[in-house]
Amino acid sequence: MTRSSNYWGRFWTKRISRRRVIATTALVCAGVAGGAVAGCGGEKEQVSPSGTAGPEPGEKPVYGGHLRECETYSPTTLDSHMSIAAADLPYFWPIYDSLLTHSPEDGSPAPQLAERWETSPDGLVYTLKLKRGVTFHDGTPFNAEAARYNVERLMAPDTASSVAAALVDLDRWAAIDEATFQVALKEPYAPFLLSLDGGLGMVISPAALERMGKDITLQPVGTGPFRFEERVVGDHVTYTKYESYWDTTRPYLDRATIRTVPDPTVMFTELRTGGADLVVNIPLDKVEEEQRKGEFKVVAFPHSTFIQLIFNCTNGTMQDERLRKAVSLAIDRETLCKALYSGVGAPMDQALTSLTWAYDDSLDGYRYDPQEAKRLMEAAGVGDGFEFTMPAFNSLENDATAVATQLRDIGIKVNLRSLELGQAMAELMSGKFDVALFAEMSPADPHTYFSTYYDYEGNKRANSYVRNEDPALLELIKKAVRVTDREERKALYSQAQRILLDKVYQASLWQQGRARGMTWKVGGFVVWADRRNHVRDLWLMS
């Protein structure tokens, strides 16, 4: 399975027009080379990796209107400093801007609230020059002092921020003047600037935080294109246009509502019956038929979200490495992925997806070998079979059932527990599981993944998830994050992946297939493999 190592070449975007709606876009298909879709079905097409939001030539944005979007998951919080799930991000983007974002062309850091930045020669001091004239939704100014306050909150032990692990190497931070914010690190940290794109860089109004404290999740206040209007937990979040937004061309919409609809079939029904303008996940077996009919815009692609098994390596059955290997060997990734995602998903052969620049196609990756799985079970003294309990997100019930059914064929009984996102995350953090089926997103920098799961010294989540201590793996993680040369980092991550393939602390399965659907009224839509369907760039045509 040879794949290009060009990560951001795979984070391409595709703007959808009425003239061209394709079955599978050239975003992140297995076997993509040079931008053409190979082996994924649908029309083969070259796609320009421009990635910039805004109208196509001849398209004219329309101001006004209320967009209704459906997402799969409900947010765990609206406090960007406390998020524990990538599923929270679509709910954050309307409210918050980040200090930095990233370029869709090559994945490098790009301006947002920080217009430019400088890095000291030793890679320890970052000086950010901030936009002037930006205000929070409560009317208070965004400035260097606000940035300092946010970092202070993230780093405070009392905050117990679950996203602050990426800032553990901060030595000091200060507001130099009104528009200059400076951060000094204890040691070089290669992905520091990219870490400011997301929860770590999303700034919250200090005045609102002083007033509300941890209750900020009930009334979040950022600098983003929309103000928070209301949330009905488990149902929807509604946003209203922020009239004083610093980008005077955005947003186009007056209001946006994001509803939680876990079932793709129900989501599609909402689109068909006029209950939604845009849905992020429609049944893949409906894609070809709906594209033929042309009633809606539909685009399908392998998504950056991937499914993995996480093994509890310190308690219960999965302490035995042979049984972890047996489980991984007993899963036919290619067959199950094709069946689950109608040929749109992509089976994985190592821990990282082929999206990331750290993917190494020279590795001897996962394979399907049920005979070897049985041999390992016999060697472990459970040749007649064994059982374990497996929690999974309720939206991943089909994936979990497919895995459980196949494992049953070699005598492994899986007791499934289908849980809401928040319940599943709590169970993972508590360690009360044998094996968990879990969705993760392919990160812009591989350190995000490795630190979350395997930095048991610096990240409490690593202790909670995989629950293993591997000094050799930890040393590679620490070394890779201090190195600035990408090829050298890639070599280190390849070594780390070899350890994961050998020890099977986790087992990646496949990238999910996804299909977006929307009415023809939706304009400005761009497909991003990392889910960035920013409502700030959408409009509704009359």
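The values are calculated or read from the model by the stated rules, or taken from the named source; none is laboratory data. A quick note: this is a predicted structure, and the numbers were derived from the prediction, not measured. As a convention, Cβ positions derive from the backbone with ideal geometry for all residues, glycine included, and neighbour counts pool all protein chains shown.
Things to note:
- Residue among ALA529, ALA462 that alone is touching a helix residue (DSSP H, G or I) at 6+ places or on another chain (Cβ under 8 Å), surrounded by 19 or more Cβ atoms within 10 Å (Cβ to Cβ), at pLDDT below 90 and part of a helix (DSSP H, G or I): ALA462
- Test: residue in the stretch 359-366 that is buried (at least 24 other Cβ atoms within 10 Å of the Cβ) and part of a loop (DSSP other than H, G, I, E, B): yes
- Segments classed as strands (runs of 3 or more DSSP E), wholly inside the stretch 231-314, with at least 2 members that are out of contact with any helix residue (DSSP H, G or I) (no Cβ under 7 Å at 6 or more places or on another chain) and aromatic (Phe, Trp, Tyr): 297-311
- Looking only at residues of the stretch 434-446 that are surrounded by fewer than 23 Cβ atoms within 10 Å (Cβ to Cβ) and out of contact with any Leu (no Cβ under 8 Å at 6 or more places or on another chain), we find that the one that is modelled with the highest pLDDT is ASP434.
- Being small (Gly, Ala, Ser), within 15 Å of ASP97 (Cα to Cα) and under 27 Å from the mean Cα position of the chain (by Cα) holds for only one residue in ALA114, ALA190, and it is ALA114.
- Qualifying positions in the stretch 155-172 - buried (at least 20 other Cβ atoms within 10 Å of the Cβ) and not in a loop (DSSP other than H, G, I, E, B): ALA164, ALA166
- The stretch 316-351, subset part of a loop (DSSP other than H, G, I, E, B), touching an Asp or Glu at 6+ places or on another chain (Cβ under 8 Å) and not hydroxyl-bearing (Ser, Thr, Tyr), residue farthest from VAL403 (Cα to Cα): GLY316
- LEU340 being within 30 Å of ALA515 (Cβ to Cβ), of a type outside the set (Lys, Arg) and surrounded by 20 or more Cβ atoms within 10 Å (Cβ to Cβ): yes
- Any chance TYR453 is within 16 Å of CYS313 (Cβ to Cβ) and surrounded by 15 or more Cβ atoms within 10 Å (Cβ to Cβ): yes
- Any hit, the stretch 379-393, residues being in contact with a strand residue (DSSP E or B) (Cβ under 9 Å, 6 or more places away or on another chain), at pLDDT 95 or above, among the charged types (D, E, K, R) and outside any helix (DSSP H, G or I): yes
Residue-wise test of (1) modelled with pLDDT of 95 or more; (2) more than 12 Å from SER494 (Cβ to Cβ).
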position: VAL344; (1), (2): no, yes
position: THR356; (1), (2): no, no
position: ASP361; (1), (2): no, no
position: TYR368; (1), (2): yes, yes
position: LYS374; (1), (2): yes, yes
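Table: residues versus (1) free of Cβ contacts under 8 Å to residues at least 24 places away in the same chain; (2) crowded, with 19+ Cβ neighbours inside 10 Å.
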site	(1), (2)
GLU229	no, no
GLY234	no, no
GLU243	yes, no
THR248	yes, no
PRO251	no, yes
THR260	no, yes
MET267	no, yes
